[in-house]
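Asks: Structure below; questions to follow.
The values are calculated or read from the model by the stated rules, or taken from the named source; none is laboratory data. Note that this is a predicted model, so its numbers are computed, not measured. Please note: Cβ atoms are built from the backbone with ideal geometry, for glycine as well, and neighbour counts cover all protein chains shown. These accessible areas exclude ligands, DNA and RNA; they are computed on the full protein's heavy atoms, side chains included. Shrake-Rupley method; radii C 1.70, N 1.55, O 1.52, S 1.80 Å.
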Amino acid sequence: MGGYILKRLLSAIPVLLGITVIVFLIMAMIPGDPATAILGSFATPENVERLNRFLGLDEPLWRQYFIWLGNMLQGDFGRSFALNRPVLDEILDRFSATLILAGTAFILCAVLGIVAGVVSASRQYGLADKAITFVVILGISVPSFFLGMMMILLFAVQLRWLPVSGMFSIWGGGNLPDLIRHLTMPAIALAVVATGVVARLSRGAMLEVLRQDFIRTARAKGVPERRVIWGHALRAAMVGIIPVLGIQAGFVLSGAVYIEIVFQWPGVGRMLVDAILRRDILLVQGGVVFIAACYVGFNIVVDVAQAMLDPRIKT
Amino acid sequence: MSLALKTTDLAKSFDIGKRLFGPPRAQVYAVRPVSLDVAQGETLGIVGESGCGKSTLARMLVGLSPPSAGEIEIEGRALDRADPAAFGRLIQYVFQDPVSSLNPRKTIRQIMEAPLRQLHGMRGAALEARIAELFDAVNLRPEFLDRYPHEFSGGQAQRIGIARALAASPRILILDEPVSALDVSVQAQVLNLLADLKVEFNLTYLFISHDLAVVEAVSDRIAVLYFGSVVETGPAEKVFAAPRHPYTKLLADSAPVVGRPLGGAQSGELPDPLNPPPGCAFAGRCPRASALCRAEVPRLRAIEGDQFAACHHPRDA
Amino acid sequence: MKLFLSLLFRNRLAAFGAVVLAIIVILAVLTPLLPLHPPNATNTANRYLRPLADGHLLGTDHLGRDLLSRLLWGTRLSLAVGFAAALIAGLAGAAIGVMAGYFGGRTDNVTMRGIDMLMAFPYILLALAIVAVLGPGLLNALIAVAVVNIPFFARNIRGVTVGIAHREFIDAARLAGMGHARILLTEVVPNIVPVVVIAMSTTIGWMILETAGLSFLGLGSQPPQADLGSMLGEARSALITAPHTSIVPGVMILLIVMSVNLLGDGIRDALDPRLRSGALARPMAATRVDRRDVPPAQGDGLLTIDALDTQFQIGKRIYKAVNQVSLDLRPGECLGLIGESGSGKSVTALSVMGLVASPPGVITGGAVRLEGQDLIGAPYEVLRSLRGRRVAYIFQDPLSTLHPLYRIGDQLTEAIRVHDPVSHAEAHKRAVKLLEDVRIPNAAARMCAYPHELSGGMRQRVGIAMALANDPDIIIADEPTTALDVTVQAQILALLDELRQSRGLAILFITHDFGVVGQLCDRVAVMYGGRIVETGPTAEVLAAPAHPYTRRLIACVPELGQGQRVLAAIPGLPPAVDQLPDGCAFAPRCEKARAACKSGEIALTGATRKVRCLYPEEAHVARAENH
Ligand SMILES: Nc1ncnc2c1ncn2[C@@H]1O[C@H](COP(=O)(O)OP(=O)(O)OP(=O)(O)O)[C@@H](O)[C@H]1O
Ligand code: SF4
Ligand code: SF4
Ligand SMILES: [Mg+2]
């Protein structure tokens, strides 16, 4: 297993490099130069050129890339001109908020999705199955930002159970209960779609597995039905579910962008959208690389989990 | 008697653990150098257990997979490996799974037309007539032509597969387990049909099967394959009745025959292909194995008359 | 096509989705013709009118623009963009996937690494980056959404293509002289189309959501033009004061996406042949029983099956897999059950312990008695406690019948512990002993192996060990050697025979091989078309078969040692069990059939030798008279 983890970690290096290349190329294609963006369209050509030289933008593209990469490896992601602070600091501040939100939503969607899927499959065409299927269809059809807005209307404005937005109360906030109160709505809104997808997939995977011969073997041995479903069948179904959890993590991260905006959550998604609208290229570049790298890391965890579950994967 | 098919040291190895660039981590031999002769009009049966390389050998003979080494000669001419159509006109293949060898989205007519158009450039009325003729030869009704494969039973689908192979007007037919997927009562129908067609179209057969009794019933000569090599060849009536190679003997004794008592519950397995033994591949299971067997690979040699075996200590007749 | 449509509309949810979507699409198409306010005409005096206000059915927005008009124009835009994105992504992804999957090797490897690279981004990052390059705008959002989804399609389609490229009909096409281009176009693509359609129909909804999302962020359609997403985005600031401006476009998105999803699922279900045949149904813990009356007990064997009827009910069709089957098994006896594929052997065997997959299987009549206790319709807990303890099974394919993710040691100890709650250590000890009993070398070490690490013969030995775990009285072996090589088969048969002698097991042995029956079984029952057509002591049945089918079946199977010969084939095909003929099921293939054979029920008659035939074979009759 240790060897497998190492192998998997090593194989992530080219992926990470590929990510930086893609991000760099995309950003290099952005029309107009950053200097103009920074100085505004009334800047004199001399000033623009000076700034360009200062930023290293007069170098050939491949050198720019290596300079950028080298800096990044030393922890220097550059400075955001709009915020006038180091990109990395900004990202780290924001990312912890996103992590709390997306992490909660991810755990919710994984647990609820799998349980709903298993229940649904083991009562195929029963009442529970129909109810779950209906909720799932509704869940995957509603835009998360719309759902978030409706939740605000209902739970915050009408019922006044939960705060409208933000991560902490402005007065007297900052403790865990306060965070949880603020987190509840955005985390649920974010989790709904992913839960639907996971539930649907788990149901399909379970139905597939329940028809397999080894399930019949377990029953022929006299294994109690509950154990057949939650043990034998679910374990085999997880082989199909785990990779999807990896993909869903990406969707949760993506959905966080909308939810952060709707709930004024101070996360990295909102930061990115703002940065794009302001053309704050270094911030966009750094943010994208950082998030993608985290996601790659998460997928390694997923692969390792998969390898631990399935002995047929060569370790 | 002229030779229809001749292979010289035909071999196939597969790469294990491919990398994006650079050489693979290891190689396994699916077929070790095999030299076979098949006479014109003969049926050569090939038997062996699963994984012994039967299908790989067959696929090389029809050009579906390129050999790693060795030569194929058909009617005295070496085959051009680059051109699958060249194979197609001389040698055809009948697949084990009749249903999956027919494209589910094409009608039988479209399936039958392909080889006639592509290999023989037939069009129009000639094409129609030829299809009718072929269908008649395999005892199928012409109204089947406009149906789709899933509407047929295994036996019927296998007849269609045979008709398609015949459409190429080949000299040689490779039959890869043609009846294994069929019901016993239908199996005999197809075997008899094959026997008739052989006479009618003057064909040469290479008949592959794991069922000893079936092979014995249809073949003139039999070659026994073990772990990628031919271990014994000889006339059909002798190979199982008086096996010279200990493995052939084991096979013949294992076949369930009414009235013969069950053998002992000994165990024994194929060697690991990634780590083949240095000498005879059968040494681990062989009652006659000696030090020589474990050191040196036995070569196929004439034992008596036309019976050949690859064994250092062949059995007496 | 007709079948497809009728299947689609039989699914009520899909039909509902189709209707809703049709209405929305028609409205969107007709929008320019409808008498609406101009969508972008502002009128700040009429800001935030509530729905049902004069002249503004749905009210107005922050600039006093008519919401109904904007809604319909926005819907038009959102629909068009969503469909276009799905089409672009689907086609481009399919093209990449088909190429990579068909050619394989390095092409595949390099392409897929690239795809993996793109999939290493959470999708929105890529979309944001693309919009950042191209600048905000609806067209650019469309491009971003399409590009971001290409990897998903490519991967999916590649997987399917790899499956198809290795099918035998592709080889056949190559042998027919077709080149790559022709094979791709005429053999591969037609088989891919349904998959692409399914993938697109199930993702259009998703694409519409994504484009709406980008517009919501202000990166999609730019004012004053509005799609549904940007309408929501603009309304967000007034969420609390004028919620209707948010609710109207939001509900519309929900409606569109939901109807698209429902329809998409319906299309998927209708195109998937497995769903069509009901094969994706989940088998329940025990077979459903629906029987009117219980036949009286006949024999007094250890296990007696009386007039068992088991059916498969699929749609309107009824497959009578097992009809009026009666068998009895005495202690220590080996009874062979022989027949061709589909004759109902397995279903008979599985019915005993309620293991027939249900749905679609139903036991509609008869009784199965274990020492007099009727098992059909017994409560689940009773069945469960008997399964594996008194009656154990060995199945055909040892690879698929062992759980791939559990060590064989765990599977064995589980078999022991579900019936006998001994300690783990004790169960472990017993499991090792069992493995030794079935002659697995290195038993203790093999306990940690997974099934895929063993050879076929070893796996079947594990299967046998598991069946022996609780010292059952009866073992039902369903073709336990069919998937094995002859030499391994001989070993397994010998092992079974030995175990039977030493443990006094009764075995119901299912096979299609007369040789095996001849070597192993005391008595044999022959099945045809779901019925027993002949039973009797093995030696007698084989020497002088009474039923024409038995005789001809024996004659058409070649036996080793008889040399090259012409076989006596049986013409015709075995009957389909959903349309069994009246009278004798073998009549269409029987050369002795007369008018009487084709009507009424033909009884199974005789004492030790029973036969279901009006004109049994002479040899048998002669022997019977001599006795
Ligand atoms: N799960 C199922 N759903 C629908 N029909 C089924 C199912 N299982 C079996 N059948 C039908 O029941 C009939 C009897 O099948 P069964 O499996 O008992 O045959 P068998 O004699 O065991 O054949 P084989 O030699 O192929 O194992 C067949 O016509 C088959 O199509
Ligand atoms: S060469 Fe030796 S080990 Fe091999 S089969 Fe002959 S006697 Fe046995
Ligand atoms: S009952 Fe009639 S048709 Fe059936 S097997 Fe006997 S003779 Fe033939
Ligand atoms: Mg069966």
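Asks: Would you point out the residue of segment A:272-315, among those that are surrounded by 22 or more Cβ atoms within 10 Å (Cβ to Cβ), in contact with a strand residue (DSSP E or B) (Cβ under 9 Å, 6 or more places away or on another chain) and more than 9 Å from chain C (Cβ to nearest Cβ), that is nearest to B:ILE16 (Cα to Cα)?
Replies: Per the criteria, the residue is A:GLY286.
Asks: What number of residues within segment C:329-344 are open to solvent by less than 10 Å² (accessible area, probe 1.4 Å) and within 13 Å of chain B (Cβ to nearest Cβ)?
Replies: So the answer is 6.
Asks: Moving to a separate point now. If we keep just the residues of segment C:5-24 that are open to solvent by 40 Å² or more (accessible area, probe 1.4 Å) and under 10 Å from C:GLY266 (Cβ atoms), which is farthest from the other protein chains (Cβ to nearest Cβ)?
Replies: C:PHE9
Asks: Something else now. From the list C:SER230, C:SER237, which one is hydroxyl-bearing (Ser, Thr, Tyr), out of contact with any Asp or Glu (no Cβ under 9 Å at 6 or more places or on another chain), surrounded by fewer than 23 Cβ atoms within 10 Å (Cβ to Cβ) and on the phi < 0 side of the Ramachandran plot?
Replies: C:SER237
Asks: Listed residues B:ARG260, B:ARG285; which is within 13 Å of chain C (Cβ to nearest Cβ), of a type in the set (Lys, Arg) and either within 9 Å of ligand 2 (Cβ to nearest atom) or under 17 Å from the mean Cα position of the chain (by Cα) (or both)?
Replies: B:ARG285
Asks: Can you find even one residue in segment B:84-103 that is at pLDDT 90 or above, among the polar types (S, T, N, Q) and surrounded by fewer than 16 Cβ atoms within 10 Å (Cβ to Cβ)?
Replies: The answer is no, given that none of the residues of segment B:84-103 is at pLDDT 90 or above, among the polar types (S, T, N, Q) and surrounded by fewer than 16 Cβ atoms within 10 Å (Cβ to Cβ).
Asks: Moving on to the next point. If I ask for residues that are in a helix (DSSP H, G or I), aliphatic (A, V, I, L, M) and at the interface with chain C (Cβ under 9 Å from one of its Cβ atoms), which ones from segment A:135-155 would you list?
Replies: If the condition is that a residue be in a helix (DSSP H, G or I), aliphatic (A, V, I, L, M) and at the interface with chain C (Cβ under 9 Å from one of its Cβ atoms), then A:ILE137, A:LEU138, A:ILE140, A:LEU147, A:MET149, A:MET150, A:ILE152, A:LEU153 are the ones that fit.
Asks: Quick check on A:VAL209: is it more than 25 Å from A:SER141 (Cβ to Cβ) and at pLDDT 90 or above?
Replies: When the stated conditions are applied, A:VAL209 passes them.
Asks: Looking at (1) surrounded by fewer than 17 Cβ atoms within 10 Å (Cβ to Cβ); (2) within 16 Å of ligand 1 (Cβ to nearest atom), find the lone condition where C:SER599 falls short.
Replies: Unmet condition: (2).
Asks: For segment B:160-278, which fully contained helices (runs of 4 or more DSSP H) count at least 1 residues that are open to solvent by less than 10 Å² (accessible area, probe 1.4 Å) and farther than 30 Å from B:ILE131 by Cα?
Replies: Because the criterion is at least 1 residues that are open to solvent by less than 10 Å² (accessible area, probe 1.4 Å) and farther than 30 Å from B:ILE131 by Cα, the helices (runs of 4 or more DSSP H) in segment B:160-278 that meet it are B:212-218, B:236-239, B:246-254.
Asks: Show the residue pairs that are 6+ apart or on different chains and have beta-carbon atoms under 7 Å apart, the first residue being within segment C:563-584 and away from ligand 3 (no atom under 16 Å from the Cβ), the second being among the aromatic types (Phe, Trp, Tyr).
Replies: C:VAL577/C:TYR319; C:ASP578/C:TYR319
Asks: So, one more: Which residue out of C:ALA477, C:ALA469 is open to solvent by less than 10 Å² (accessible area, probe 1.4 Å), within 26 Å of C:VAL352 (Cα to Cα), out of contact with any Pro (no Cβ under 7 Å at 6 or more places or on another chain) and in contact (Cβ under 8 Å) with a residue 40 or more places away in the chain?
Replies: C:ALA477
Asks: To continue, here is another question. Do you know which residues across segment C:25-45 are farther than 27 Å from C:SER259 by Cβ and open to solvent by 50 Å² or more (accessible area, probe 1.4 Å)?
Replies: Within segment C:25-45, C:PRO38, C:ASN40, C:THR42, C:ASN43, C:THR44, C:ALA45 meet the criteria.
Asks: I would also like to ask the following. Output the residues belonging to segment B:269-296 that are in contact with a strand residue (DSSP E or B) (Cβ under 8 Å, 6 or more places away or on another chain) and modelled with pLDDT of 90 or more.
Replies: B:ALA281, B:PHE282
Asks: Do we have any residue at all in segment C:566-574 that's under 37 Å from the mean Cα position of the chain (by Cα) and under 30 Å from C:ARG330 (Cα atoms)?
Replies: Checked segment C:566-574: no residue is under 37 Å from the mean Cα position of the chain (by Cα) and under 30 Å from C:ARG330 (Cα atoms).
Asks: Testing C:LEU383 on (1) within 12 Å of chain A (Cβ to nearest Cβ); (2) within 16 Å of ligand 4 (Cβ to nearest atom); (3) more than 25 Å from the chain's Cα centre (by Cα); (4) not acidic (Asp, Glu), one condition comes back false. Which one is that?
Replies: Of everything listed in (1) within 12 Å of chain A (Cβ to nearest Cβ); (2) within 16 Å of ligand 4 (Cβ to nearest atom); (3) more than 25 Å from the chain's Cα centre (by Cα); (4) not acidic (Asp, Glu), C:LEU383 misses just condition (2).
Asks: A further question follows. Could you grab me the full set of residues in segment B:103-119 that are within 9 Å of chain C (Cβ to nearest Cβ) and of a type in the set (S, T, N, Q)?
Replies: B:ASN103, B:GLN110, B:GLN118
Asks: Would you check if there is a residue in segment C:531-542 being within 16 Å of ligand 4 (Cβ to nearest atom) and open to solvent by less than 30 Å² (accessible area, probe 1.4 Å)?
Replies: Scanning segment C:531-542 turns up at least one residue that is within 16 Å of ligand 4 (Cβ to nearest atom) and open to solvent by less than 30 Å² (accessible area, probe 1.4 Å).
Asks: Can we say C:ARG594 is among the basic types (Lys, Arg) and within 35 Å of the chain's Cα centre (by Cα)?
Replies: no
Asks: Which of (1) over 30 Å from C:ASP269 (Cα atoms); (2) open to solvent by less than 60 Å² (accessible area, probe 1.4 Å); (3) touching a residue at least 60 places away in the same chain (Cβ under 8 Å); (4) away from every other protein chain (no Cβ under 14 Å) does C:ALA92 not meet, given it meets every other one?
Replies: Of (1) over 30 Å from C:ASP269 (Cα atoms); (2) open to solvent by less than 60 Å² (accessible area, probe 1.4 Å); (3) touching a residue at least 60 places away in the same chain (Cβ under 8 Å); (4) away from every other protein chain (no Cβ under 14 Å), only one is false for C:ALA92: (1).
Asks: Additional query: Mind counting the residues in segment C:536-584 that are more than 9 Å from chain B (Cβ to nearest Cβ), within 16 Å of ligand 1 (Cβ to nearest atom) and farther than 29 Å from C:ILE318 by Cα?
Replies: Total meeting the criteria: 0.
Asks: For segment C:484-562, please list each of the helices (runs of 4 or more DSSP H) lying entirely inside it that holds at least 2 residues being touching a Gly at 6+ places or on another chain (Cβ under 7 Å).
Replies: Hits in segment C:484-562: C:486-503, C:514-520, C:538-543.
Asks: Please work out if C:SER423 is among the hydroxyl-bearing types (Ser, Thr, Tyr), within 26 Å of C:LEU383 (Cα to Cα) and either open to solvent by 40 Å² or more (accessible area, probe 1.4 Å) or more than 13 Å from chain A (Cβ to nearest Cβ) (or both).
Replies: It is true that C:SER423 is among the hydroxyl-bearing types (Ser, Thr, Tyr), within 26 Å of C:LEU383 (Cα to Cα) and either open to solvent by 40 Å² or more (accessible area, probe 1.4 Å) or more than 13 Å from chain A (Cβ to nearest Cβ) (or both).
Asks: Scan segment C:280-302 residue by residue and report those that are in contact with a Pro (Cβ under 9 Å, 6 or more places away or on another chain), part of a loop (DSSP other than H, G, I, E, B) and among the charged types (D, E, K, R).
Replies: Once the filter is applied, which keeps residues that are in contact with a Pro (Cβ under 9 Å, 6 or more places away or on another chain), part of a loop (DSSP other than H, G, I, E, B) and among the charged types (D, E, K, R), segment C:280-302 yields only C:ARG282.
Asks: For segment C:344-371, give me each residue that is more than 12 Å from ligand 1 (Cβ to nearest atom), closer than 25 Å to C:PRO574 by Cα and among the aliphatic types (A, V, I, L, M).
Replies: C:VAL352, C:ILE363
Asks: Taking the condition modelled with pLDDT of 90 or more, more than 16 Å from ligand 4 (Cβ to nearest atom) and either at negative phi or within 14 Å of chain B (Cβ to nearest Cβ) (or both), does C:GLN324 pass?
Replies: no
Asks: Residue by residue through segment C:208-227, note down the ones that are open to solvent by 10 Å² or more (accessible area, probe 1.4 Å) and at the interface with chain A (Cβ under 8 Å from one of its Cβ atoms).
Replies: C:LEU209, C:PHE216, C:LEU217, C:GLY218 - these are the residues of segment C:208-227 that are open to solvent by 10 Å² or more (accessible area, probe 1.4 Å) and at the interface with chain A (Cβ under 8 Å from one of its Cβ atoms).
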